[in-house]
1. Taking the Cα of Gln85, stepping 7 Å toward and past its beta carbon, and measuring to each backbone N in segment 144-173: which are under 14 Å?
2. Report the per residue volume, in Å³, of the convex hull enclosing the C-alpha atoms of segment 96-221.
3. So what does Phe183 come to for accessible area, using a 1.4 Å probe and Å² rounded to 10?
4. By how many nm would the segment from Thr115 to His102 lengthen if fully extended, with 0.36 nm per residue of separation less the alpha-carbon distance?
5. Could you report the accessible area of Asp96 in Å², rounded to 10, computed with a 1.4 Å probe on the protein chains as they sit in the structure?
6. Residue separation times 0.36 nm, minus the C-alpha to C-alpha distance between Ser157 and Ser219: what's the value?
7. Compute the length gained on full extension between Ala72 and Asn207: take 0.36 nm times their separation in residues and subtract their Cα-Cα distance, giving the result in nm to one decimal.
8. Order Thr187, Thr206, Thr79, most accessible first, counting only protein heavy atoms with a 1.4 angstrom probe.
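The values are calculated or read from the model by the stated rules, or taken from the named source; none is laboratory data. In this text, all values refer to a predicted model and were calculated from it rather than measured experimentally. Neighbour counts are summed over all protein chains in view; Cβ atoms, including those assigned to glycine, are modelled from backbone coordinates with ideal geometry. For accessibility, only protein heavy atoms count, side chains too; no ligands or nucleic acids. Shrake-Rupley method; radii C 1.70, N 1.55, O 1.52, S 1.80 Å.
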Amino acid sequence: MRQTATMLLSMAAVFALLAACGTNGDKGPKAVPSTSEATPLLKPSVDASATDSLTTDAPTATPPEDDLTHIAPEFPEDTAPQFRQVQSQRDLVFTDVRVGEHETFDRIVLEFSGTGPLGWSVNYVDEAVLEGSGDVVPVGGDTVLVIFAHYNLWPASDYYSGPKQFKPQSGGDIKDVFIGGTFEGYTQVFAGIDGDPVPFRVFALTNPSRLVVDVEKPSMS
């Protein structure tokens, strides 16, 4: 079942409170490039099913993502929203997004340049509503998950330049991704998922800064 209108209103109140804690240096929403039928599917710089690395005091070999289980939290038993609030100077810039299928979950990775800590707000919604404009955008799949990364900069020369919407080539149950852009310090991304809402987990990686959202396979719920 999808989240109710009451949950949407609660989320809006949380975003308003978090935004009040930030600075006022943002210039406005990022105009993400539009797509057409001729736009190719996004080919990420690194496949999310391949590798990611962590920052340590000494250089180490890049471990496979499947070896990050000691960092990733356990999946919750429910589909409740997840939040992390941090104090940041907004030096993070959204640069890439990728999707990959794993045996027990499907993974969405948002990558950022910069070194500041990542905050987030992630939850299921009844429809994909863009921050700033309030426009409802079409997102494929039966269920829509909205991902907010907190305290990001725009404009920036290295800002994400990929397609605004794409269907992952190996995303498992993640059938559609829509890039809402960055508005007042928040980067917004929608994921369209086949089936009813399932548990998900959220955590951050560094070097480079990444926000990871794992969506559990229905068979594992």
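1. It comes to 150-151, nothing else.
2. Values: hull volume 12.6 nm³, N = 126.
Hull volume over Cα atoms, normalised by residue count, gives 100 Å³.
3. Roughly 50 Å² of Phe183 is accessible to a 1.4 Å probe.
4. Details: separation 13, 0.36 × 13 = 4.68 nm, distance 2.78 nm.
Extending this stretch completely gives an extra 1.9 nm.
5. 20
6. Once the chain is fully extended between Ser157 and Ser219, it gains 18.1 nm.
7. On the way: separation 135, 0.36 × 135 = 48.60 nm, distance 1.61 nm.
Full-extension gain reported as 47.0 nm.
8. Details: Thr187 0, Thr206 65, Thr79 35 Å².
From most accessible down to least: Thr206, Thr79, Thr187.
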